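Scroll down for the structure; my scribbles are underneath it.
The values are calculated or read from the model by the stated rules, or taken from the named source; none is laboratory data. All values reported here derive from a predicted model rather than from experimental measurement. Heads up, the Cβs are rebuilt from the backbone with ideal geometry, glycines too, and the neighbour counts pull from every protein chain shown. Only protein heavy atoms, including side chains, enter the accessible area calculation; ligands, DNA and RNA are left aside. Shrake-Rupley method; radii C 1.70, N 1.55, O 1.52, S 1.80 Å.
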Amino acid sequence: MRVVLLGPPGAGKGTQATLLCQRFGLAHISTGEILRSAIKEGSPLGKEVAPILAAGSLVPDALVIELIRERLMKDDCLKGFVLDGFPRTVEQAKALALLLSEIEKPITNVVEVRVDDAVLIDRIVKRGQEGSGRSDDTHEVVARRLEVYRAQTAPVTAYYESVSEVQVVDGLGEVAEIHRRICDLVEPELAD
Ligand code: ADP
């Protein structure tokens, strides 16, 4: 199973990706996590991207596409993977399709987690106050992240609708319940 998880910041993609990976033994690939760990290490990549993440803007396509290309070559991806936070632009989505067509392992499911804007802002600001340690979990930066999402990432959903199918899941409710909804969508015969 090779899943792309779409949805705005704060929709719970990270949480749901983790659960899905545990359940089906998949590799969890989060570009946000890869970038944050580079920042923590203080590597040249980390130094380059730190101000971009802090501002809530997007890291250049070429840079994240290269990170993903390298990540997809690792052995743990052979059993399948969940992409969380990538692709975030149509250019990234097209580059991903090309990479995966070269290895003949196309995406099997595109799942969009939908949540209202008001809920998103609340969730993220709370996460920041509760100590997420993320420089971008503040009121000001959340507004910017949502704006970037609408302008650059919402078109990714339209792109996938035009080339395949997008499975929509309601992201409001208990974590376990949303997990069940996603499992029902991606592997109906395996779900409880
Ligand atoms: P969220 O979905 O809550 O915004 P992420 O961890 O996915 O959190 O992303 C955090 C930040 O990392 C983004 O605001 C952006 O700056 C950067 N980032 C993550 N993934 C990408 C990507 N695919 N393309 C460009 N920038 C990215």
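Details
- Given charges at beta-carbon only (K, R positive; D, E negative), |dipole| of the chain in Debye: 400
- Ratio of Rg to Rh for segment 79-123: 1.10 [Cα atoms; Kirkwood radius as inverse mean 1/r over pairs].
- In this simple spin-label model, placing a label point 7 Å from the Cα along the Cα-to-Cβ direction at both residue 101 and residue 22 gives a separation of 3.7 nm.
- Relative packing of 2-9, 77-84, 159-166, which averages over residues the other C-beta atoms within 10 Å, highest first: 2-9, 77-84, 159-166
- Annotation note: GluC sites (Glu not before Pro) in segment 59-104 located in DSSP loop regions with a Cβ neighbour count of at most 14 within 10 Å are 104.
- Aspartates and glutamates with Cα under 20 Å of residue 74, excluding same-chain neighbours fewer than 8 positions away: 33, 66, 84, 102, 104
- Cross-link partners of residue 79 among lysines (Cα-Cα below 25 Å; sequence separation of 8 or more within a chain): 13, 94, 105
- Relative contact order [Cα under 8 Å, 6+ residues apart], segment 41-192, whole percent: 29
- Counting every alpha-carbon pair across segment 42-144, the share separated by more than 20 Å comes to 53%.
- Rg to Rh quotient for the chain, alpha carbon positions, Kirkwood Rh: 0.94
- Cα-projected label distance for residue 130 with residue 70, points at 7 Å along beta-carbon direction, nm: 3.3
- For residue 2, residues with placed amide H under 5 Å, excluding near neighbours: 81, 108, 109
- With contacts taken as Cα pairs under 8 Å at a separation of at least 6 residues, segment 1-122 carries a relative contact order of 49 percent.
- Within the accessible area of segment 11-107 (1.4 Å probe), percent carbon and sulfur: 57
- Helical contribution to [θ] at 222 nm, DSSP H n ≥ 4, -39,500 (n - 2.57), averaged over the chain, rounded to 500: -17000 deg cm²/dmol
- Quarter of the Cα convex hull surface for segment 118-192, i.e. its orientation-mean projected area (nm²): 6.6
- Taken one residue at a time, the phi angles of segment 73-88 give Karplus couplings (6.51, -1.76, 1.60, θ = phi - 60°) of 7, 6, 4, 5, 7, 5, 7, x, 7, 10, 8, 10, x, 9, x, 10 Hz. Gly and Pro are set to x.
- Point-charge dipole on Cβ atoms (K/R +1, D/E -1) for segment 1-69, about Cα centre, debye to 20: 240
- Accessible surface calculations at 1.4 Å, restricted to protein heavy atoms, place the chain at 51 Å² per residue.
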